Amino acid sequence: MGKIKTIGVLTSGGDAPGMNAAIRAVTRAGICNGFKVVAIYRGWEGLINDDMQEFTTENVSGIITLGGTILKTARSKDFMTPEGRQKAYDNMMARGIDALVIIGGNGSLTGAKIFAQEHDVCCIGLPGTIDNDLYGTDATIGYDTTMNTIMECVDRIRDTAQSHERIFFIEVMGRDAGFLAQNSAIACGAEAAIIPENETDADQLAEFMKRGIRKSKRSCIVIVSESPKCGAMYYADRVKKEFPGYDVRVSILGHLQRGGSPTARDRILASRTGVGAIEAIMQGQRNVMIGIRNNEVVYVPFSEAIRSDKPMDKKLFTVLNELSI
């Protein structure tokens, strides 16, 4: 344990179902192992503004079922500056906080990496993002819940698509990664997924539509990863121009995907990684993300976790293509 006596915990970036389960795990595991736990509100912004309070086990009672984050979250522009990070460090020292547990995604852990390098602070990350784009862990906190939310929404949309013989382009989140789109397309029985890892051109799009026609079915579901240039609206407009005989609609699920009570899988993942964060601190680990790989807790250096090339299983493309004929 060394000289670490007080641990701060914060959630940063986009909220994800299961973050509260992670807060609960960090708090209770920390207290159980003799640490004082300080909750930091509104992410890095709370560290800069000294918006904190000590947590007891009672503070996290009953929160495992809740979506979102009781600590709130914010994107801090001030923390992106050396002056802002210095202020955060000064407040951290004034509160007697010796280590930080950061629950968040790529941007949050990037901030933790920079902060740790500048001020020699022990930072431990938990993979809290619906995008599943952090390298070194099989899944991220919130991903499974979001997948199930997308599946429920698409199942409902398919009823309308079939009733009206329409083509629906359904846009899902994922930032620069297509894990949500690819896997939800398989789970929902969609005809296609358009993702960053496997860009679809006009000929491929036409082939997807022809498959539907061969089945004597004019309805079609295409899942599209969000993109400022080539999102669902872009592909829908293309179909309207190139195939004017089809009735095309767009549904952008947006922030609907982030909410809701976390699934059992996300609660367990959050609990295991939360306990793993405390164990890592006790072992003297620094500046690592806690992940689960092959059902084992692993420590992934921040520099590896935040790299953007988490591989997607190419076999999933074959699965979707063969099942969509």
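For this structure, a couple of remarks:
- Residue list for segment 26-49, restricted to those being under 20 Å from Gly67 (Cβ atoms) and open to solvent by 10 Å² or more (accessible area, probe 1.4 Å): Arg28, Tyr41, Arg42
- Residues (aliphatic (A, V, I, L, M), open to solvent by less than 40 Å² (accessible area, probe 1.4 Å) and at pLDDT 95 or above) located in segment 50-89: Met52, Val60, Ile63, Leu71, Ala88
- Only residues that are among the polar types (S, T, N, Q) and assigned to a helix (DSSP H, G or I) were counted across segment 313-325, and they come to 2.
- Scanning segment 58-103 for residues that are polar (S, T, N, Q) and out of contact with any Ser or Thr (no Cβ under 9 Å at 6 or more places or on another chain) yields Ser61, Thr81, Gln86, Asn91.
- The strands (runs of 3 or more DSSP E) located wholly in segment 232-312 that include 1 or more residues which are open to solvent by 60 Å² or more (accessible area, probe 1.4 Å) and more than 19 Å from Gly136 (Cβ to Cβ) occupy 247-252.
- Elements of type strands (runs of 3 or more DSSP E) in segment 34-116, at least 3 residues being farther than 23 Å from Tyr143 by Cα: 36-40, 52-55
The values are calculated or read from the model by the stated rules, or taken from the named source; none is laboratory data. Keep in mind that this is a model prediction, so the values were computed, not measured. Because the Cβ atoms are built from the backbone with ideal geometry, glycine has one as well, and the counts that use them run over all protein chains shown. In case anyone asks, the SASA skips ligands and DNA or RNA and just uses the protein heavy atoms, side chains included. Shrake-Rupley method; radii C 1.70, N 1.55, O 1.52, S 1.80 Å.
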